[in-house]
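Encoded as structure tokens, the structure appears first; notes follow it.
The values are calculated or read from the model by the stated rules, or taken from the named source; none is laboratory data. Everything numeric in this text was worked out from a predicted model, so none of it was measured. Virtual Cβ from ideal backbone geometry, glycine too; neighbours counted across all protein chains shown. For accessibility, only protein heavy atoms count, side chains too; no ligands or nucleic acids. Shrake-Rupley method; radii C 1.70, N 1.55, O 1.52, S 1.80 Å.
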Amino acid sequence: MGAFRDTHTPRPASGRTLLGLVVLVAVVYAALGAVSLGVGQLSGLAAPIWPSAGVAFVFALVWGWRVLPGVVVGSALVNAYSLVQVGEGPSVTVVVAIVIGVGAALQAGAGAVLVR
């Protein structure tokens, strides 16, 4: 059992490692979100699944709150792209995308806190 890490204590990350994790979270979140939105548009409905939320939760659970800015950026990118595609103006797009990104980060952070 020594090979398993205690999931109640986030792995410490700082410097380049932390920056790499934040960028990785943003890229994975945005990529999975784009795929999910693509699937949702094929069916004419909102995205039926959102695996990005699960990825954000796992990163928050394993590495703690320091990776949540990556969730904000990844979510804001995918939502801004989606809003631009439907013709929203730049000011609305930026505000709405950032608010949704903050909500996604809060969701992942709250889930991690509750599991811990």
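Only one of the listed residues (V94, V73, V84) is open to solvent by 70 Å² or more (accessible area, probe 1.4 Å) and either under 10 Å from the mean Cα position of the chain (by Cα) or touching a residue at least 24 places away in the same chain (Cβ under 8 Å) (or both). That residue is V73.
Given the criteria open to solvent by less than 60 Å² (accessible area, probe 1.4 Å), touching a residue at least 40 places away in the same chain (Cβ under 8 Å) and of a type outside the set (K, R), does A104 qualify? So A104 passes the test.
Please work out if G54 is more than 17 Å from L19 (Cβ to Cβ) and more than 11 Å from the chain's Cα centre (by Cα).
Numbers: more than 17 Å from L19 (Cβ to Cβ): yes; more than 11 Å from the chain's Cα centre (by Cα): no.
Spelling it out, it is not the case that G54 is more than 17 Å from L19 (Cβ to Cβ) and more than 11 Å from the chain's Cα centre (by Cα).
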